[in-house]
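Participant: Dropping a structure here in structure tokens format, bear with me for questions.
The values are calculated or read from the model by the stated rules, or taken from the named source; none is laboratory data. Note that the structure is predicted; figures quoted are calculated from it, not measured. Glycine also receives a Cβ, built like all others from the backbone with ideal geometry; neighbour counts cover every protein chain displayed.
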Amino acid sequence: MPKARMRQAIVAALADEMRADPTVVVFGEDVAVAEGPFKTSEGLLEEFGPLRVRDTSISEMGFMGIAVGAAATGLRPVAEIMFIEFLGVALDQLTTEAAYFHYLSGGKVRVPLTMRASVGAGLGFGLQHSRTLEHWLTGTSGLKVVSPSDPQTAYGLLRSAIRDDNPVAVLEPRALYGERGEFVPGDEGIVPLGVARVAAEGDDVTIVTLGQTTSIVLGALGSASWTADVIDLCTLVPWDRVGVLESVSRTRRLVVVEQSPWSGGWGTDIVAAVTAELFGELVAPPIRITCPDVPVPFNPVLEARFLPNAEEIIRQVDELIGTGKRPKPWWERRTS
Amino acid sequence: MTATSLSRRNALSDRIERLDRMVEVREFEDRTKQLFADGVVHGTTHTAQGQEAVEVGLAASIRPTDIVTCTYRGHGVALGLGMLPEVVLGEIVGRTIGSIGGVGGSMHLCDMDVGLLPTFAIVGAGIPVAAGAAFTAQVQGTDSIAVAVFGDGATNIGAFHEALNLASIWDLPVMFLCENNVYGEYSRYNLTTRVEDLATRASSYGMRSRIVDGQDIDVTVEAFTEEAERVRSGEGPVLIEAKTYRYAGHSRADTAPYRPEGEFESWLERDPIDTFAARLIAEGTLDEPGLAQVRERVAARLDQAIETVLASPEPDEASMFRNVWANH
């Protein structure tokens with residue numbers, strides 16, 4: 001199996017879809033000549049030319065709107081938002097226009113647009129370039145949301161997103177762009193939307209992850225005294241209820257590990273749904289391991305502390321299994 | 001023959017039909033207001049009276065295959081482009097005969113048979129979307145164009161400036177049509193904008209522009225047809241400012257007490273329907289009985305539309321779950 005960096009898997013997905021379908025176009029800030037600030041569109045301008053691969057002005061609201069109009073009239077645009085925070089000025093086009101066009105046309109118009117954005121902390125980019133912001137997107141019917149965790153899911157989810165007839169937000173953890181992993185290209189490598197990936201199997205607890213937290217949890221397993229089903233959601237909207245419920249009904253414990261704030265993070269939906277469905281069968285309260293409710297700090301020691309890490313995951317799960325009670329998150333244990 | 005939106009659109013090659021359609025828009029809005037007053041409709045609505053020569057003029061100037069985005073003040077554009085009165089009114093009233101079965105309401109009309117994308121209830125949002133439709137035409141090498149219809153108020157939102165800039169650098173086949181109806185919501189445009197002529201904003205983007213008298217449909221049709229063909233032939237985008245006037249307040253609740261005394265009356269002297277009807281009569285294209293017939297024809301059509309709409313069922317619960325997702 002070939003190995004590649006996640007950013008190369010993304011390039012491969014874009015190129016494969018552009019080869020297969022002449023309606024696929026790519027645009028965004030510095031994606032053409034400069035080949036993307038994270039090199040996720042390397043070689044695309046050369047292969048597909050300036051009609052289909054374009055640099056935009058720094059105008060997220062403008063080019064997201066162009067993506068909506070292009071998608072509604074026959075293209076499959078892939079618009080790149082360099083950092084998810086920049087979507088703030090363009091959110092209307094994604095959540096208020098793209099997501100509702102199908103409904104507002106009585107089913108006649110489809111908006112097969114893909115919005116790719118880099119997300120997450122860990123690279124010292126500071127608080128305005130380090131969030132994941134899934135919750136900006138998850139409450140809108142008509143908009144799908146996915147987040148890859150490695151080269152394979154980056155490749156396979158992106159291809160599915162481009163082929164989907166609904167608008168899809170693809171949230172790519174930017175800390176993983178340079179990470180290497182095995183991946184299967186071609187149609188076998190496509191990852192369907194709405195289906196979670198079982199990244200590890202175990203008996204004591206179900207750990208639900210997304211994007212960047214998947215590899216952190218997998219890394220923690222080696223030093224754990226328990227075994228876990230690690231369910232990498234891959235798709236956040238619509239998330240795989242069947243897969244998660246099936247696992248938790250067996251392990252009877254649920255831990256969600258998120259790179260989101262404690263308040264409003266996506267795991268609240270998972271915990272609420274699982275609790276309501278399996279309340280009497282659980283042997284411990286479902287818990288979430290998240291970031292604290294503070295801006296992402298810049299200092300590298302603080303930034304690392306801010307993010308969920310293997311040590312904290314082990315400690316939390318140990319305590320959950322040992323006591324059957326909700327462990328305090330690290331910021332509640334602070335003495336200073 | 002039963003009228004379709006497309007047959008109504010094609011009929012606009014005839015000038016008497018243009019008069020008929022302008023009268024239809026004017027009367028339609030009166031009927032709409034009455035239905036609200038009677039408590040038949042809930043929510044709000046934004047009427048297009050006074051702007052008929054721009055909206056019907058646009059419909060007479062572009063092809064049904066061209067794509068149009070427009071605002072929540074969309075009844076005139078929708079009827080102008082050809083949508084059937086009962087389909088527009090049905091949506092306003094919230095009945096199944098409405099363009100999307102009554103789940104959208106007054107601000108959300110759509111008819112792809114005549115190129116109308118879902119209308120936008122967010123100021124300015126349709127401007128880049130029209131540029132996107134033009135992007136498709138450019139990538140696919142078709143000779144379609146796109147038109148964004150928006151008001152003076154929208155020229156102060158970022159979407160306008162970003163869309164004009166992108167359309168300009170990419171030479172997109174899009175016509176930006178600003179209906180300067182003097183008021184953005186409750187504010188006269190000179191209070192929110194330093195420039196007198198909004199068309200001058202095109203120069204910031206290296207784009208050509210044109211100011212058009214929006215109260216004369218012969219003028220709008222000539223100008224829009226000429227500009228649409230220039231856009232279609234690859235000359236790049238254009239910003240057109242049609243000087244017009246919003247006869248009513250912003251929405252149903254607004255009685256427009258902020259208007260300077262005499263302003264409305266002075267615009268009424270150049271009423272687009274009266275002006276055009278008088279010209280058709282002066283030319284001998286129409287006579288007084290003919291004009292009366294147009295008005296009667298429209299009244300009968302709208303009577304019938306209201307009857308049809310009120311007889312149309314309310315949408316069932318299942319309809320709110322339809323079309324949320326494509327291919328599900």
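Participant: Give the residue that is nearest to the chain's Cα centre (by Cα), with candidates limited to residues of segment A:80-103 that are under 22 Å from B:Ile145 (Cα atoms) and hydrophobic (A, V, I, L, M, F, W, C).
Facilitator: Result: A:Ala98.
Participant: Among the numbered conditions (1) of a type in the set (Ser, Thr, Tyr); (2) at pLDDT 95 or above; (3) not in a helix (DSSP H, G or I), tell me where B:Ser203 comes up short.
Facilitator: (3)
Participant: Please enumerate the residues belonging to segment B:142-175 that are within 12 Å of chain A (Cβ to nearest Cβ) and of a type in the set (Gly, Ala, Ser).
Facilitator: Within segment B:142-175, B:Ser144, B:Ala146, B:Ala148, B:Gly158, B:Ala159, B:Ala163, B:Ala167, B:Ser168 meet the criteria.
Participant: Here's something else I'd like to know. Mind checking which residues of segment B:165-179 are within 20 Å of the chain's Cα centre (by Cα) and under 19 Å from B:Ala125 (Cβ atoms)?
Facilitator: If the condition is that a residue be within 20 Å of the chain's Cα centre (by Cα) and under 19 Å from B:Ala125 (Cβ atoms), then B:Val174, B:Met175, B:Phe176, B:Leu177, B:Cys178, B:Glu179 are the ones that fit.
Participant: While we're here: Would you check if A:Thr138 is within 14 Å of the chain's Cα centre (by Cα) and closer than 21 Å to A:Gln259 by Cα?
Facilitator: Judged against the criteria, A:Thr138 is a match.
Participant: Suppose we keep only residues that are small (Gly, Ala, Ser) and surrounded by 12 or more Cβ atoms within 10 Å (Cβ to Cβ) within segment B:292-328. Which one would you say is nearest to the other protein chains (Cβ to nearest Cβ)?
Facilitator: B:Ala326
Participant: Looking only at segment A:21-53, which residues are surrounded by fewer than 22 Cβ atoms within 10 Å (Cβ to Cβ) and out of contact with any Lys or Arg (no Cβ under 9 Å at 6 or more places or on another chain)?
Facilitator: Listed by number, the residues that qualify are A:Glu29, A:Asp30, A:Val33, A:Ala34, A:Glu35, A:Pro37, A:Gly43, A:Glu46, A:Gly49, A:Pro50, A:Leu51, A:Arg52.
Participant: Looking at (1) over 27 Å from A:Ser260 (Cα atoms); (2) more than 7 Å from chain B (Cβ to nearest Cβ), can you tell me which one A:Val109 breaks?
Facilitator: Condition (2) is where A:Val109 drops out.
Participant: Please go through (1) within 27 Å of A:Asp187 (Cα to Cα); (2) within 14 Å of chain B (Cβ to nearest Cβ); (3) not basic (Lys, Arg) for A:Glu80 and return the number of the only condition it doesn't satisfy.
Facilitator: Answer for A:Glu80: the failing condition is (2).
Participant: Further, regarding this structure: Kindly evaluate A:Leu45 against the criterion of being farther than 23 Å from A:Ser160 by Cβ, more than 8 Å from chain B (Cβ to nearest Cβ) and assigned to a helix (DSSP H, G or I).
Facilitator: Against the criterion (farther than 23 Å from A:Ser160 by Cβ, more than 8 Å from chain B (Cβ to nearest Cβ) and assigned to a helix (DSSP H, G or I)), A:Leu45 qualifies.
Participant: Please specify each residue of segment B:156-174 satisfying the condition of being touching a strand residue (DSSP E or B) at 6+ places or on another chain (Cβ under 6 Å) and over 19 Å from A:Glu29 (Cβ atoms).
Facilitator: B:Val174
Participant: So the check is Cβ under 8 Å with 6+ separation or different chains; which pairs have a first residue in segment B:174-203 that's under 19 Å from B:Gly57 (Cα atoms) and free of Cβ contacts under 8 Å to residues at least 60 places away in the same chain and a second one that's of a type in the set (S, T, N, Q) and assigned to a strand (DSSP E or B)?
Facilitator: Here the result reads B:Ala199/B:Ser209, each pair linking segment B:174-203 to a residue that is of a type in the set (S, T, N, Q) and assigned to a strand (DSSP E or B).
Participant: Look at segment A:53-86 and say how many of its residues are touching a residue at least 40 places away in the same chain (Cβ under 8 Å) and in a loop (DSSP other than H, G, I, E, B).
Facilitator: Of the residues in that region, 2 qualify.
Participant: Here is a follow-up. Only one of A:Gly202, A:Gly243, A:Gly222 is surrounded by 19 or more Cβ atoms within 10 Å (Cβ to Cβ) and under 30 Å from A:Ala4 (Cβ atoms). Can you tell me which?
Facilitator: Being surrounded by 19 or more Cβ atoms within 10 Å (Cβ to Cβ) and under 30 Å from A:Ala4 (Cβ atoms) holds for just one of A:Gly202, A:Gly243, A:Gly222, which is A:Gly243.
Participant: Report yes if B:Glu179 is buried (at least 24 other Cβ atoms within 10 Å of the Cβ), acidic (Asp, Glu) and more than 8 Å from every other protein chain (Cβ to nearest Cβ), otherwise no.
Facilitator: Yes, satisfied.
Participant: Considering only residues of segment A:161-172 that are touching a residue at least 60 places away in the same chain (Cβ under 8 Å) and within 10 Å of the chain's Cα centre (by Cα), which is nearest to the other protein chains (Cβ to nearest Cβ)?
Facilitator: Here the answer is A:Ala169.
Participant: So the check is Cβ under 8 Å with 6+ separation or different chains; which pairs have a first residue in segment A:87-113 that's assigned to a loop (DSSP other than H, G, I, E, B) and a second one that's of a type in the set (Lys, Arg)?
Facilitator: As it stands, the answer is A:Gly107/B:Arg322; A:Pro112/A:Arg76; A:Pro112/A:Arg163; A:Leu113/A:Arg76, since those pairs meet every condition given.
Participant: Is it the case that A:Ala196 is aliphatic (A, V, I, L, M) and in contact (Cβ under 8 Å) with a residue 60 or more places away in the chain?
Facilitator: No: the conditions fail for A:Ala196.
Participant: Out of all the residues in segment A:88-106, which are of a type outside the set (Val, Ile, Thr), more than 7 Å from chain B (Cβ to nearest Cβ) and surrounded by fewer than 24 Cβ atoms within 10 Å (Cβ to Cβ)?
Facilitator: Scanning segment A:88-106 gives A:Gly88, A:Leu91, A:Tyr100.
Participant: Please specify each residue of segment B:104-140 satisfying the condition of being more than 9 Å from chain A (Cβ to nearest Cβ) and on the phi > 0 side of the Ramachandran plot.
Facilitator: Residues satisfying the conditions are B:Gly105, B:Gly115.
Participant: From A:Ser141, A:Ser130, grab the single residue that is within 13 Å of chain B (Cβ to nearest Cβ) and among the hydroxyl-bearing types (Ser, Thr, Tyr).
Facilitator: On inspection, the qualifying residue turns out to be A:Ser141.
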